Structures are given as structure tokens and as C-alpha cells.
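The values are calculated or read from the model by the stated rules, or taken from the named source; none is laboratory data. Everything numeric here is computed off the predicted structure, so don't read it as measured data. Every residue, glycine among them, receives a Cβ derived from its backbone with ideal geometry; neighbour counts consider all protein chains shown. We work out accessible area using only protein heavy atoms, side chains counted, and drop any ligands, DNA or RNA first. Shrake-Rupley method; radii C 1.70, N 1.55, O 1.52, S 1.80 Å.
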Amino acid sequence: MKVVEKDLDKGYIEVLPETLDDLWHLYHVVRKGDLVFALEKRRVKDERAETIRRDKGERKPVYLGVRVEDVEFDKYANRLRIKGVIEHGPESGSHHTVNVTTGKRIKIVKDEWERKDIERIEEAEMSRPPVMLVAVDTGEGTIGIVRDYGLDVVARVRHNVPGKRGGDRRAEMRKFFHRLADEIERIAEEEGVEHIVVGGPGFVKSDFAEFLREERDIPTHVEDTGSAGEAGLIEMIRRGAVERAVEESRVAEEVKHLEEVFKRIGKGDDTVAYGVRECLKAAEFGAIDVLLVADEKFREAMVEGEEDVLNAVKYAERTGAEVLIVSTEHEWGERLRELGGIAALLRFSIPTG
């Protein structure tokens, strides 16, 4: 989750949810009586129009402040439905529902923020890993870090590489790759970078990405751009490369944990649990290290109030477990669904029976 703006003296925090996990956090933060602001599409009537058209109106973007009456999870889509009465904006006094999805900014205003709510938002914000962008072409590399306030170009590496007919071209290109890789490793360690996206025109980006993976053991994401330099970095951002890199890494993490789940099941290991009943029991013992819940199972639990699933998540969070809402769009997510939609890697075995 990205915190766009925060002023607790004025009682508000503005956030941008980025994952289903973020919506889970917001579901527990937004409550009846809060005031939620969002940019909404609403039908605005033009009383000056002809009578025949007066009832239809035109849907326009308007900034509304809604006094919350109810918050619910929509089981048909990854979104929260915040229902209430408009206090700020056109048609004050009318009922309105704010549909909160990933990528939609909302401002939450409370009379008084409880410490647990602030901590939950801070926890969600910390899960946003730094992303490094590298635009590369022959003999030219530009490194940027995507920060909350925008793109920060942190380094440029240039190396003289001969033309296509130059005898030393291959050797000099490798020297350039080593210099650029050294700078990437230095900055990544300083910044705590978890995701690296390499982009640029032509084949150099792919060659460099392969070099990073094979010779430096640095996983990368590759993005096509029409240019190198800072323009290439900006192009990557505009094309959604940052979001894709984070999502791909997230799926890779899910797969890694699910592989371990099935490995332990296959070996008859007693430090794994699956199914609602067993996972809840493990959570109550404080035994869960990683809890994996299929997104469909999680949505159903939120909507239908399936307390055993929600309590398993709550208890796991309280004991410091990593909780992942797993997409069923990939094969391993489907396999998790076959296990009952919930599984856990345990810190220690728990009593049976």
C-alpha cells in the first residue's frame, strides 16, 4: 500500500491500495462513522436542460466525501464497497457506494485514529519494495529508483564500445556490463532493492539481463523501450513495468512457498497444515510461519463471514506469520484450492487429534 499523504493533526490518511492484501487491511481500518473521500463517477443532472433529458443527466468525475455506514467485501471482484451518505460534493444527503479497487486512491478521515489502525497501514506500506530501473544501450547505462515522490536517477555509467566492426567490441561490451553490474549491486544494497527492471532498445537489454542472471545471480525483469537514458526509464514507468515486476515477484514468492507445502505433504512432514480446521488450529497454537489463502477462499470468507478462515488469518498475523493471499490465476493457486483453499508452513509441529 502506498501512503499518498498523511496529516494526523487534521485526522486523515490518503492511501493507494496496490494488492488484495491492501484491501484486506483497509477492510479493518475503515469503520462506520468515518469520512471517506474519493474521485467518483456520478450522474450529475443539468436542471437547465430540456425536461425530456432532465432525469438522465451525465456521468462525470466528482470528488465526494461519504460518511461511512457500512463496509463490505464484494465476492465477485477484488474490491471493497464503502456505503454511506454524501456529506461533501454534489447531491449532499444522497446515498452513495464507493467501490475501492487496487489502484484507486481514497482519503480516510477519522475523529481519532487508533494506534492499531495506524500500525496496520504502516505495516501495509512497508510491504512496498523499492524498484530499480536500468535503461541500457551499447556503452550507456542509466539507473533509477522509483520512489514515492517519483523517479530518482541515481547513476549513469558510460563505456567506450567500438562499432560493429571493431575487434575489441565483445571484450569492451563485457567490461561495460561488469561496470554497470557493479554499480547496480552497490546501489541495490544501499537502497534495499528487491526488484530490478532492465529495459532499452535492441538486443543489449536482453544480453545484459542474461549477464546479470548468469554471472551475478541477480534476477531481473526485461522491458522493451524505444530509447535508453532517462527517457527509457520514464517509458518503463508509463508502460507499467514497475507494477508487473512487483506482481511477477509476488507470484514467484507464492510458488516458492506452495512448492514447499506440497514437498512437505509428500514427505509426510508434520510441519505443514492444510484445510480450514487444521490451519485454524495451527494459528491458535502460534505455530504458523507462512499462511497461504487462495484469493477466492479469502473473498468468500470476507463476504460470508466464515469466522474460521478470518480467525486463522488474524491469529497468524498476531504471531508474526507471513500471510499471503494467493492468486488462483496460476497453476499453483489452483492446486492450493484443491487443498481446501488454505495451507500453512509451520514453525513447529502441533498435537494431533
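Structure values in brief
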{"read-out": "Solvent exposure, largest accessible area first (probe 1.4 Å, DNA, RNA and ligands not counted), of E253, E304", "value": "E304, E253"}
{"read-out": "Rounded to the nearest 20 debye, dipole of the chain from Cβ charges on Lys, Arg, Asp, Glu", "value": "1040 debye"}
{"read-out": "Accessible area, probe 1.4 Å, largest first, for residues T352, T225", "value": "T352, T225"}
{"read-out": "Solvent-accessible area per residue, Å², over the chain with all protein chains present [probe radius 1.4 Å]", "value": "53 Å²"}
{"read-out": "Value of [θ]222 nm, deg cm²/dmol, for the chain, DSSP H segments ≥ 4, -39500 (n - 2.57) each, nearest 500", "value": "-12000 deg cm²/dmol"}
{"read-out": "Accessible surface of L324 - all protein chains present, 1.4 Å probe, nearest 10 Å²", "value": "10 Å²"}
{"read-out": "Highest-first arrangement of 111-118, 213-220, where packing means the average Cβ count within 10 Å", "value": "213-220, 111-118"}
{"read-out": "For the chain: rounded, prolate or oblate by the Cα gyration tensor [a/c cutoff 1.5]", "value": "oblate"}
{"read-out": "Relative contact order (%) - the chain, alpha-carbon pairs under 8 angstrom, separation at least six", "value": "13 percent"}
{"read-out": "Given K32/K116; K10/K110; K256/K314; K41/K104; K32/K297, the pairs whose alpha carbons are separated by over 19 Å", "value": "K256/K314; K32/K297"}
{"read-out": "Antiparallel DSSP beta bridges within region 247-353, as percent of all bridges there, nearest 5", "value": "60 percent"}
{"read-out": "Two-site FRET efficiency, R169 against E322, from Cβ-Cβ distance with R₀ of 41 Å, rounded to 0.05", "value": "0.30"}
{"read-out": "Partners for K205 among lysines (Cα-Cα distance below 20 Å; same-chain residues under 8 apart left out)", "value": "K164, K175"}
{"read-out": "Within the accessible area of region 195-353 (1.4 Å probe), percent carbon and sulfur", "value": "46 percent"}
